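The values are calculated or read from the model by the stated rules, or taken from the named source; none is laboratory data. Everything quoted here is computed from the prediction, not taken from an experiment. Positions of Cβ are backbone-derived with ideal geometry, glycine not excepted, and every protein chain shown enters the neighbour counts. The accessibility values were calculated without ligands, DNA or RNA, using every heavy atom of the protein model including side chains. Shrake-Rupley method; radii C 1.70, N 1.55, O 1.52, S 1.80 Å.
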Amino acid sequence: MKFTFLGTGTSQGVPVIACNCNICLSEESYNKRLRSSGLISSGSTNILIDSGPDLREQMLNCGVKKINAVLITHEHNDHIIGLDDLRPFIFLSKDRELPLYGMPRVLNEIKSRFSYAFYENPYPGAPRFSTHPLEFNLPMSIGEIEFSMIPVMHGELLIAGYRFKNFAYITDCKSLSRETIESLESIETLVISALRLKDHHSHMTLDESLEIIEKIKPQKAFITHISHLMGDINKLKHKLPEGVEFAYDGLALDL
Ligand SMILES: [Zn+2]
Ligand SMILES: [Zn+2]
Ligand SMILES: [Zn+2]
C-alpha cells in the first residue's frame, strides 16, 4: 500500500492570498502547501481522502488515471469543494458514478451543496456520485483496500478519520477520545494535523499534536494541515521527537 500527500496546507493554503509574511513570500518549495488531501493506492485500487479546492492541480501532479472512491473526512469547504473536478474520472469509469464514503451528516451536506449532481435528470456533463454512509470502527473494503472510519473531534464538530490496517489519517483534529487513542496504539504510521503554534478553537497546536503522538506512539508520524502561522518549519524541526516529521506536498509513504 502506498500513501501520497496531495496537499498538506490549512484551508487557505500556503501562501495565503495577499499575505506578506516571510513564509508566504518564501520561494522554498516546502513553504508551498495545497489544501490537505491524500491518495491511498494498492494494486489497481486508488482511494482519495477528501477533495478540496486544489483537486485538479493535485490530480495533474500525481498523474493518477482512475479513482475508485473518495473517503470524506468532513464537510468543510477545503475538504469537499473540489468534488466537481472529479468529473474526468467519472466520465471514464464504466459506472459513470463515483462512490463517496463518510458520515451520514457529511454525505447529506454534500447532497445539498452539490444538489445538481443528484438530480434525476441531470444536466449532461454534471458529475454523478453514489453515497455510502459509514459507521465508526466498522471494517470495510474497496477493491484491495481495507479501512475503517474513526471518530475525531474538530472542536465541537464530530468528524471522520480513516484507518487502513497499520496506518491512520487524521486531519482537522482538536481532540481524540481515550478509546480512539487506545484503539490506535497498534498502528505503525500516523498522519495527524497541527495548525500552528498558538491555540485554536477547532485545531490542535503543534504541542497538542505532539502530545497525541506521544500517547499513540506510532513508529512514524507526519504532521499535516499546516498554516503559514506555523512559521519556519526548519526552525521547529528540533522540537520534533525522533520519528516525527512535517509532511510536505508530494511526499509518498510505502506502508
Ligand atoms: Zn481543513
Ligand atoms: Zn503568510
Ligand atoms: Zn475543518
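Data table
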| quantity | calculated |
| --- | --- |
| Members of region 59-98 that are open to solvent by 70 Å² or more (accessible area, probe 1.4 Å), outside any loop (DSSP other than H, G, I, E, B) and either touching a Ser or Thr at 6+ places or on another chain (Cβ under 9 Å) or within 16 Å of ligand 2 (Cβ to nearest atom) (or both) | Asn77 |
| Hits in region 206-239 (condition: open to solvent by 10 Å² or more (accessible area, probe 1.4 Å), among the β-branched types (Val, Ile, Thr) and out of contact with any helix residue (DSSP H, G or I) (no Cβ under 9 Å at 6 or more places or on another chain)) | Ile213 |
| Search result, residues across region 1-58 that are in a strand (DSSP E or B) and surrounded by fewer than 16 Cβ atoms within 10 Å (Cβ to Cβ) | Lys2 |
| Any pair with Cβ under 7 angstrom, 6 or more apart, that starts in region 5-23 at a residue that is within 16 Å of ligand 3 (Cβ to nearest atom) and ends at one that is of a type in the set (Gly, Ala, Ser) | Gly7/Ser36; Gly7/Ser37; Gly7/Gly52; Thr8/Ser36; Thr8/Ala247; Gly9/Ser36; Thr10/Ser227 |
| Close pairs (7 angstrom Cβ cut-off, 6 or more residues apart or separate chains): open to solvent by 70 Å² or more (accessible area, probe 1.4 Å) in region 135-160, outside any strand (DSSP E or B) and acidic (Asp, Glu) anywhere | none |
